[in-house]
1. Do any residues in segment 103-124 that are under 17 Å from residue 80 (Cβ atoms) have Cβ atoms under 6 Å from those of residues that are assigned to a loop (DSSP other than H, G, I, E, B) and modelled with pLDDT of 70 or more, where the two are at least six apart or on different chains, and which pairs are they?
2. Quick one: would you say residue 96 is outside any strand (DSSP E or B), modelled with pLDDT of 80 or more and under 26 Å from the mean Cα position of the chain (by Cα)?
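The values are calculated or read from the model by the stated rules, or taken from the named source; none is laboratory data. Since this is a predicted model, take the numbers as computed values, not measurements. Glycine also receives a Cβ, built like all others from the backbone with ideal geometry; neighbour counts cover every protein chain displayed.
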């Protein structure tokens, strides 16, 4: 068994080691905190891209946001490999559209406050159109019933 002076020396050494361990831990924590605070403003506050593509776990594209031909900016949502599609597009100049359809385009609904078509060059007035199997079944204004099915 150790004598009292030996035990006192061991306790003193343990206390000193504990003090230095706590001091080193506190300094490490302080350095990490300062490093995080200093670098915090460096993280980007915005992400810039030409196109955003969202894929599901299987790798299928389920959403796209980007600018497409003729300056149209569109958000396109798809389900089950394009079985159902919802597109919201705005045009650079004037016009916008909401287009809902299935893959085979058997049924479709389109709503627009007016938009420009580029092929052939024309303008679509404010319109709501529903079609089934390529035939327009309902439209506002009514004269759109005479339009070509889309």
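1. 103/83; 106/133
2. Taking the combined requirement at face value, the residue does not satisfy it.
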